[in-house]
Amino acid sequence: MGNLKTIHYNKSIVSGKLEVPGDKSISHRAIMLGSIAEGKTKISGFLDGEDCLRTIDIFKLLGVSIERVGTDVSIESPGINNWKTPTEELYAGNSGTTARLMLGILAGAKVSSAVLTGDESLSARPMDRVTKPLRAMGASISSENDKDLLPLKIEAGSMTAIDYTNPVASAQVKSAILFAGLHAEGTTIVRENTVSRDHTEQMLSHFGAKVHSSNGEISITGGNSLTGKDVHVPGDISSAAFFMVAAALVEGSSITFTNLGLNPTRSGILDVLQNMGVDVNVMNESDVNGERSGTVTIAYNKLIPTEISGALIPRLIDELPIIALLATQAAGTTIIKDASELRVKETDRIAAVTNELSKLGANIEATVDGMIIHGPTALRGGTMDSYGDHRLGMMAAIASLITTEPITIKDSACIDISYPTFFEDLEEITRVF
């Protein structure tokens, strides 16, 4: 997926305005709902990263007409009940969101048979957390192995509603069940002890589904008939988090993000930055198709340690690698716990983050469900492995702002999965002092 990239932004500050690419989670769901619904859907602000493009490719194979011009996407769909049976495998690439949500969608579709596959990394990631509740609803899902790993074959069948308590705070599991519940007999209920990101519920409602959410209980009534809608995708706060931390790391830095997604189930990074002493200012908030957005300014201040745990974890699970880098510069001990979900991401992010930051001289140790970081610690340069994980690649790049020597990133091309213009934007907001 790419070669070595060597960078060094030491003796630079971060400043200016930036509009980061569209939210990855919302972009996936906009394509999915626009394809499930009958009629025309227009999407603006779409993230044209590799993961989201895989989702588009899959729906084209199911007979949905999708045209993309940059970040604008037009969908013309016959509706889920009129999709065609694909003649080739549905390839999700490295996208766990695509794979897990497609299992729920295909389980309730009228497609006689489809085989879902992924790349080597995705094929090693667990799918049983999704297949188990889907089979309880009547889904016909089979694998060539006994571990429910990709490839998986999904065959058409009748679906019945279930009442399911999600054992992990996973929006992917919840979303797969809700998508299956769209076409199940009865009312499907998903219960969460800790609330996960709610983009699926918001977008299902926007497209006309009978979905209700209250106090960690989400229900959807089967037999929904959805119609195409217009969708605006705000900037991805998970992508912006890397530049937020960049500003928080370097004295004299300040950066303003416009059109930034501020969904409360995703904005935990702002809470952590404030808890660590960083100046955070949120302005001009608005609501479009159920998603909150606004303008956010992040400015440097002296860093203090914090504890990140409990209900906060699902609100920033993807930001924990870059938060770990930030914690290396806080005066004291930062603890991250209750984050065992990091073990089953694109890589084992607990092990990977600990290994790579340790190479730079960080005082960091892995725990079963998180990390303990002691700071502040001066970081040297060196070669950092992305493990093919876009968020680790971006973490390595931001580290080069404070390392004494250059950083060389192995497989930096994996960043294209979520942020194709990352290095261009990094170059734009750095100023030599």
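All of the numbers you see were taken from the coordinates with simple rules; none came from a lab. Only a predicted model underlies this, so the values are computations on that prediction, with no experimental measurement involved. Positions of Cβ are generated from backbone atoms using ideal geometry, with glycine treated the same way; all protein chains shown enter the neighbour counts.
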Hey, how many Å between the Cα centroid of segment 305-361 and the Cα centroid of segment 239-265?
17 Å
List, in order, the whole-Hz ³J(HN,Hα) value for each residue of segment 63-77 obtained from phi through the Karplus relation with A = 6.51, B = -1.76, C = 1.60 and θ = phi - 60°; use x for Gly and Pro.
x, 8, 8, 10, 10, 10, 10, x, 9, 9, 10, 10, 10, 10, 10
Fewest Cβ neighbours within 10 Å first, please rank Cys414, Cys52 accordingly.
Cys414, Cys52
All lysines inside 25 Å of Lys210 as judged from Cα atoms, apart from same-chain residues fewer than 8 positions distant:
Lys24, Lys40, Lys42, Lys110, Lys132, Lys174, Lys229
Under 5 Å, built H, 5+ apart or other chain: amide partners of Gly332:
Gly375
Residues of type lysines that Lys359 reaches as a straight line, Cα spacing below 20 Å, ignoring anything fewer than 8 places off in the same chain
Lys5, Lys410
Collect residues whose amide H, placed 1.01 Å from N in the peptide plane, falls under 5 Å from the amide H of Gly382; neighbours closer than 5 in sequence don't count.
Ile407, Thr408
Dipole-positive endmost among Gly381, Ala169, Ile56 within the chain (Cβ charges, Cα centre)
Ala169
So for Glu356, Glu307, fewest C-beta neighbours within 10 Å to most, what's the order?
Glu307, Glu356
Taking every DSSP beta bridge with both residues inside the chain, roughly what % is antiparallel (nearest 5)?
70 percent
Per-residue HN-Hα couplings for segment 127-135, Karplus 6.51 cos²θ - 1.76 cosθ + 1.60 at θ = phi - 60°, whole Hz, x for Gly and Pro?
10, 5, 5, 9, 5, 4, x, 5, 5
List every residue whose amide H lies under 5 Å from the amide H of Glu307, counting only residues 5 or more places away in sequence or on a different chain, with H placed 1.01 Å from N in the peptide plane.
Ile335
Once Lys and Arg are counted +1 and Asp and Glu -1 for all other residues with Cβ under 13 Å from that of Ile255, the total becomes -2
Indicate, rounded to the nearest 5 percent, the antiparallel portion of the DSSP beta bridges found entirely in segment 24-232.
70 percent
State the label only: which of [x] 26.8; [y] 18.2; [z] 25.7 corresponds to mean projected area of the Cα convex hull in nm² computed from the shown model?
[y]
Taking the number of other C-beta atoms within 10 Å as the exposure measure, put Val111, Val353 in order starting with the fewest.
Val111, Val353
May I ask for the distance between the Cα centers of segment 373-429 and segment 156-209, given as a whole number of Å?
36 Å
Sorted peptide list for 229-236, 286-293, 140-147, criterion being average Cβ within 10 angstrom, highest first
229-236, 286-293, 140-147
Phi to ³J(HN,Hα) by Karplus 6.51 cos²θ - 1.76 cosθ + 1.60 over segment 337-343, Hz, x for Gly, Pro
9, 6, 10, 4, 4, 4, 5
Might you report the magnitude of the Cβ-based charge dipole of segment 347-433 about its Cα centre, with Lys and Arg at +1 and Asp and Glu at -1, to the nearest 20 debye?
280 debye
Using alpha-carbon positions, what is the distance between the centroids of segment 140-155 and segment 1-77, in Å?
28 Å
